[in-house]
Amino acid sequence: MSRLSRRGFAVGAALTLAGITAGDAVAATGSRRRPNSKEMRGMWLATVANRDWPSRPGLTAAAQRAELIAHLDTAVRRRLNTVVFQARPTADALWPSPYEPWSDVLTGTQGEDPGWDPLGTAVTEAHRRGLELHAWFNPYRVANHTDPGRLIPTHPARLHPDWVVPYGGKLYYNPGLPEVRRFVQDAMLDAVRKYRIDAVHFDDYFYPYPVAGQTFDDDAAFAAHGGSFPDRAAWRRDNIDRLVRETARRIERVRPGVRFGISPFGVWRNKATDPKGSDTAAGVQTYDDLHADTRKWVREGWIDYICPQVYWNIGFAAADYAKLVPWWADAVRGTGVRLYVGEALYKAGDPAQPAAWQDPAELSRHLMYAAGFPEVRGHVFFSAKEVGQDLIGAMARVVQDHYAG
């Protein structure tokens, strides 16, 4: 199977915290807090590589702000109620952070103050328009290149080179190091302390997507910390479990009521790999390849919502939307965890995509199908640029058919 996750917009891939107390490590049980009752109608607003916003680095603060406001106004016009704003794309920040540098997507130069506060503005202006603002963080990606010398000298990855692993043309923080896990939580929780965000949102990157012929070199970390595990894969999954569990607990302590959601790749495991898996033949399985046991997080109630990226059309042989939605509905049933479905609006009208994506009604059919499952409490569209441009009218069709009331 070929595949495309959110990483595809950046790389063009073919589709085929300071000190954790003992209490922070205690697992929550059941649903973490009372969820928002309204239907999710969301869009992701991606900043990595200037995917959606800003349109290019180096714009004036006024121009950046105007573009951001335009995206929020588009969300309102499309009758959406939530914007998932990417505030930490590559171990950097779109707010004045004491932990990490200003993102280069703003000025073109990492660490350079843009002269305004994008995340603070996004929160204020979203709420002014009746929109929720979910702050989207990527925990472990450091850079979309492998040269630490291109990072500013004060970057934590420069100050702690032992934290960093080059892999697949990128730099990553090593999830197997407890000090890394504490640091990335601290960096993200700074935004939770400072802003009245409605949710913390993780995307699909945990351990990196597999790259043929390459090895993620965490030998030293495994030797130091993996002795009690039967194999490296189990140790890696435990590292990500700890990130999720600890982040959930710390969000609750820092600002009670802020929700925690994760948007993983759409396939946990294939049925051929695990009888509990979905009836799919995906080339990537989050449990095995990203060491992210997404089903466990739901069953344990560590998160408030899960938004799997079900980025395939109805009838797609290797990963059928109509097989994955029922699987995810079953996964959340009885847990109190909300299920939102991530929708591949970016595929609509793309000539490189299968014929189904040339039909403006495909996405509307997704929502109609998902409406048959009471566990599905809404949808999130990737991403903001396409919500506005709407190449073949697929988003307009969704609004007409499902959001008109």
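Over 32 Å apart at the Cα level, from the set LYS38/LYS323; LYS170/LYS296; LYS38/LYS194; LYS194/LYS323; LYS38/LYS170; LYS38/LYS347, are LYS194/LYS323; LYS38/LYS170. The slack between THR273 and GLU179, meaning 0.36 nm per residue of separation minus the straight C-alpha distance, is 30.5 nm.
Ligands, DNA and RNA are left out, and with a 1.4 angstrom probe the accessible area of region 231-283 is 34 Å² per residue.
Sorting MET368, MET43 by solvent-accessible area of protein heavy atoms yields MET368, MET43, largest first, with a 1.4 Å probe. Local charge sum around HIS291 (other residues, Cβ-Cβ under 10 Å, Lys/Arg +1, Asp/Glu -1)? After counting each charged neighbour, the total is -2. Here region 266-284 and region 41-88 have alpha carbon centers that stand 34 Å from each other.
Residues in region 299-405 average 34 Å² of solvent-accessible surface per residue, probe 1.4 Å, ligands and nucleic acids excluded. At an R0 of 35 angstrom, the distance between the Cβ atoms of ARG299 and THR60 translates into a FRET efficiency of 0.15.
Only helices enter this figure: runs of n ≥ 4 DSSP H residues, each worth -39500 (n - 2.57), summed and divided by the residues of the chain, yield -9500 deg cm²/dmol at 222 nm to the nearest 500.
3J(HN,Hα) along region 175-184, derived from phi through the Karplus expression 6.51 cos²θ - 1.76 cosθ + 1.60 where θ = phi - 60°, amounts to x, x, 9, x, 5, 5, 4, 4, 5, 5 Hz, with x in place of Gly and Pro. Length gained on full extension, ILE69 to LYS38: 8.8 nm, using 0.36 nm per residue less the C-alpha separation.
The packing ranking, built from the mean of other Cβ atoms within 10 Å per residue, places the peptides 331-338, 194-201 in the order 194-201, 331-338, highest first.
The values are calculated or read from the model by the stated rules, or taken from the named source; none is laboratory data. All values derive from a computational prediction rather than experimental measurement. Quick reminder, even Gly has a Cβ in these numbers, built from the backbone with ideal geometry, and neighbours come from all protein chains shown. Keep in mind that these areas ignore ligands, DNA and RNA; they rest on the heavy atoms of the full protein, side chains included. Shrake-Rupley method; radii C 1.70, N 1.55, O 1.52, S 1.80 Å.
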